[in-house]
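As C-alpha cells, the structure follows; a few thoughts come after it.
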Amino acid sequence: MRRQIPFGLVFIFGIFMVFQFFVPHEKSEWVYEFLLDWIIVIGIFALALGIWSLFKVSVEKIKQGKEGGNYSYITLVGLYMMMAFGFTQQTGDGWGLYFLWIMLCSACIVSLMRLRASTDSGKKRMWALASGGLLVAAVLVAIFDDAWAFFLYTPEGLENSMFEIFFDHIMMPILATMFSLLAFYIASAAYRAFRARNVLASLLLLAALLVMSRFNPFIPGAEYVANASNWLMNVPNLAAQRAIVIGIGLGIVGTALKIILGIERGYMGRG
Amino acid sequence: MAHLGVIISMLVIFGGLAWLLFRSIKGREVERRVIFVFIFVAVAAPILFPITFEEHASPVVKGLFDHIDTLPPGSRVLISFDYDPAMAPEVQPMANAISFHCLDRGHKVVFMSLWATGQTLLFNTLEDVIRPEFPDLIDGVDFISTGYKAGNEGVLNVIVSDFKKMFPTDVNGVPLDSVPIFDEINSCADFDLIVALGGGRPGPKEWVLFVGDPADVPIGVGVAAVVAPQLYPYYPRQIIGMLGGVKGAAEYESELAHRHERFKNMAQPGLKMMGPQTLAHIVIICFIVIGNVAFFRSRRRKGN
C-alpha cells in the first residue's frame with residue numbers, strides 16, 4: 001500500500017491536470033487554482049525541510065571532522081542572521097540590546113551544532129546546558145528590550161538597515177564576484193577550445209568570432225559584421241533552438257506519461 | 001590624465017599580446033595564468049580610466065523600446081524582477097532604464113518579483129531611480145510594488161486569471177482593492193505590457209508560456225547574456241523585444257538618452273560597462289587567434 005497509494009494519486013491528478021487544460025469551465029478552473037495553492041503550501045513546507053536538511057548536513061560535516069567543516073558554522077549562523085534581520089526592526093532611534101541578542105542566538109546555534117556533533121556524553125551535557133542557557137538569555141533580551149521588535153506578518157524587517165547592509169554589501173558582491181570569475185574561465189576555455197582542428201570546429205570558431213565582434217566598434221566593417229552576427233542569431237541559432245525546444249517539449253510529454261502511468265518510478269526513491 | 005591612462009593600458013595590453021603572438025609563431029602555448037592577468041588588466045583598465053562607446057539600438061532592443069514609447073500615457077505595465085545579485089550587474093541597469101522610461105512616459109507601473117532576492121533589488125530600483133527622479137509620483141496611484149510571492153510558475157498560473165488572489169496586498173500590506181492603480185486591473189490580461197527581467201527559472205520563458213500566450217499580453221524581456229540565445233525562438237511573435245546582457249542595457253540606455261533629454265544626466269551603468277566588456281572581448285579574440293597560430297605551428301612541426 002505504501003507504493004500503490006502514491007501511484008494512484010499521481011495517476012488521478014496527472015490525468016485530471018491533462019484534461020483540465022481543455023475544460024474552460026468555472027469549476028474546473030476553481031479546482032485547478034485550489035491545486036496550485038497546494039503547490040505553494042507544499043513548497044513552503046519544503047523550505048522548512050530544506051533548512052533542517054542543511055542543519056543536519058552541516059552537523060554531520062563537523063561530526064566527521066571533514067576538511068572545511070568549520071565553514072558550516074558560518075553557513076548556519078549566516079542563515080540565522082539574515083532570517084533574524086528580516087523579521088525584526090528597531091522601534092526607536094537606538095538598537096538597545098539588539099546586537100547582544102543576535103550574538104546570543106548565534107552562540108546558541110553554534111552550541112546546538114556542537115551538541116548534535118558530540119559523541120561524548122559529558123560534552124553533550126555541557127553543550128546542552130550552554131544551549132539552554134543561551135536560549136533563555138536570548139528570550140529574556142527579546143522580551144525586555146523595547147528598542148526593537150519582531151514583525152512576523154508585515155515587511156518592516158526588509159527595511160531593517162542591518163538586512164540591507166548584509167544584502168547590499170555582503171551578498172551582492174559575493175554573488176557578483178562568483179559570476180564575474182566566469183570571464184577568466186571563459187577566456188581560458190576560448191583559447192584552448194576554439195581551434196580550427198576540422199571543418200566543424202572551424203565553423204564554431206568563425207561563429208564565435210563573428211558574435212563576439214558584433215560588440216566591437218573597432219572591428220573594420222562593423223556594420224557587415226553586425227549584420228552577419230544578427231543573421232547567425234536569427235536564422236541558424238533560431239532554427240537550432242526551436243528544434244531543441246520542441247525536442248525538450250516532446251521529452252517532457254513522454255516523461256510525464258511514464259510517470260502518470262507508473263512506468264517511471266524514480267521519484268518514489270528506494271522506499 | 002584619463003587619456004594617458006588609457007594609452008598606457010592599451011600599450012601594455014596590446015604590446016603583451018604582440019609578444020605572445022610572436023611566441024606562438026615559435027609554437028609556444030600560453031599559460032592559463034597569463035590569460036587571467038590579461039583579462040584582469042583588460043577589465044580593470046577601462047574601469048580606472050573610463051572608455052565609453054556610442055551605441056545604437058539593434059532591432060531586437062528597439063522592439064521593446066518603441067513599444068513602451070508608443071503606448072499611450074496611462075497604459076498599465078507590469079515589471080517583474082526575477083533575478084538575484086549574481087545577475088544584477090547585467091540586469092539591474094535594464095531594470096532601472098525600463099522603469100524610468102515607463103514612468104517618464106506616464107505609464108502606470110506595477111512591480112513584482114518571483115524570486116526572493118528580486119524583492120531587495122526591486123527595492124533598490126525604487127530607492128535609486130524612481131523616488132529621486134519622480135518625487136511627485138504617488139505610490140499606489142502611479143506605481144506600486146507588490147513584492148515577492150513564493151510559488152514560481154504556480155503564481156503565474158493564478159495571476160493570469162486573478163491577480164489579487166495571489167497578491168491581496170502590496171509590499172507594505174495595503175489591500176490592492178483600496179489602491180487606485182488596481183481599479184481596472186483584475187488579471188494579467190488587463191496589462192498593456194509585461195516586462196520580465198531575469199534569466200533563471202522562473203523567468204522570461206515562463207512569463208511567455210504561462211502568461212503572455214494564454215492572456216495574449218505583449219511580453220518584453222531583459223536577460224543575462226548567456227540566456228539570450230535561448231529566447232530567440234520566441235522573438236518577435238511571443239516576445240516583442242529583448243535586451244541581452246550589458247550590450248542590451250547599453251543599447252537601451254543609448255536610445256533613451258537620444259530620445260529623452262532627462263535621461264542624459266542620469267547614471268548610465270550599461271554604457272559604462274561596455275568599455276571593460278569590449279576590451280575583454282578584444283583580448284579574448286586575440287587569444288583565440290594566438291591559440292590557432294600556436295596550434296598550426298605545432299601541427300606543422302609534428303608533420304615535419
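Excluding same-chain neighbours fewer than eight residues apart, the lysines reachable from B:LYS164 by a Cα-Cα span under 24 Å are A:LYS27, B:LYS108, B:LYS149, B:LYS205. Accessible area per residue for the range A:1-66, computed on protein heavy atoms with a 1.4 Å probe, is 79 Å².
Summed over the residues of the range B:48-157 and divided among them, the accessible surface reaches 32 Å² per residue at a probe radius of 1.4 Å.
Summed over both chains, the area buried between A and B is near 4600 Å², taken from the accessible surface of protein heavy atoms with a 1.4 Å probe. Rg/Rh, computed from the Cα trace of the range B:1-98 with Rh as the Kirkwood radius, has the value 1.17. Kirkwood-type hydrodynamic radius, the range A:195-268: 15.4 Å, calculated from all non-identical alpha-carbon pairs.
Which of the chymotrypsin sites (Phe, Trp or Tyr not before Pro) found in the range A:130-222 are loop residues per DSSP with 12 or fewer other Cβ atoms within 10 Å of their Cβ?
A:TYR153, A:PHE218
Counting every C-alpha pair in chain A, the share spaced more than 26 angstrom apart comes to 70%. When only Cα pairs below 8 angstrom with a gap of at least 6 residues are kept, the range B:59-267 shows a relative contact order of 26 percent.
Inverting the pair-averaged 1/r between distinct Cα atoms of the range A:1-66 gives 15.0 Å as its Kirkwood hydrodynamic radius.
Amide hydrogen proximity for B:SER187: with H placed 1.01 Å from N in the peptide plane, the residues at 5 or more positions away or on another chain lying under 5 Å are B:PHE163.
Cross-link partners for A:LYS61 among the lysines, with Cα-Cα distance under 19 Å and sequence neighbours closer than 8 places in the same chain left out: A:LYS123, A:LYS124.
Size descriptors for chain B (Cα atoms only): Rg and Dmax, in that order, 22.8, 83 Å.
Could you please state how large a percent of the accessible area of the protein assembly as shown is carbon and sulfur, counting protein chains only and using a 1.4 Å probe? Roughly 67 percent, rounded to a whole number.
Each 10 Å bin from zero up to the one holding the largest Cα-Cα distance in the range B:104-186 carries the following percent of pairs: 17, 50, 30, 3. Counting every C-alpha pair in the range B:228-304, the share spaced more than 21 angstrom apart comes to 56%.
Across the range B:66-81, rounded Karplus estimates of 3J(HN,Hα) from the backbone phi angles (6.51 cos²θ - 1.76 cosθ + 1.60, θ = phi - 60°) give 5, 5, 5, 5, 9, 5, x, x, x, 5, 9, 10, 10, 10, 10, 9 Hz, Gly and Pro being marked x. Rounded to the nearest 5, the antiparallel percentage of DSSP beta bridges internal to the range B:59-267 is 5%.
Counting only GluC sites (Glu not before Pro) that DSSP places in a loop and that have at most 16 other Cβ atoms within 10 Å, the longest clean stretch of chain B runs over B:55-183. Straight-distance candidates among the lysines for linking to B:LYS272, with alpha-carbon spacing under 28 Å and chain neighbours fewer than 8 residues away dropped: B:LYS62, B:LYS247, B:LYS264. Can you tell me the 0 to 90 degree angle between the C-alpha axis of helix A:182-193 and the longest principal axis of chain A, rounded to 10? With both axes taken from Cα atoms, the answer is about 40 degrees.
So if the hydrodynamic radius of the protein assembly as shown is defined as the Kirkwood radius over C-alpha pairs, what does Stokes-Einstein give as its diffusion coefficient at 10 °C and 1.306 mPa s, in µm² per second? Could the numbers behind the result be given before it?
Working: Rh = 27.4 Å.
Rounded, D is 58 µm²/s.
Note that the range A:70-180 shows a convex hull volume over its alpha carbon atoms of 112 Å³ per residue. Positive end of the dipole of chain B (Cβ unit charges, origin at the Cα centre): among B:ILE144, B:ALA257, B:LEU156, the Cα lying farthest that way belongs to B:ALA257. Semi-axes of the equivalent ellipsoid of the range A:117-271 are 53, 30, 21 Å, computed as sqrt(5λ) over the eigenvalues of the C-alpha gyration tensor in descending order. Note: relative contact order over the range A:195-268, using C-alpha pairs below 8 Å and six or more positions apart, is 17 percent.
For the range A:11-77, the set of chymotrypsin sites (Phe, Trp or Tyr not before Pro) satisfying both a DSSP loop assignment and a count of at most 15 other C-beta atoms within 10 Å is given as A:PHE21, A:PHE22.
The values are calculated or read from the model by the stated rules, or taken from the named source; none is laboratory data. These numbers were taken from a predicted model, which means no experiment stands behind them. No Cβ is skipped: glycine too gets one built from the backbone with ideal geometry, and neighbour counts run over all protein chains shown. Only protein heavy atoms, including side chains, enter the accessible area calculation; ligands, DNA and RNA are left aside. Shrake-Rupley method; radii C 1.70, N 1.55, O 1.52, S 1.80 Å.
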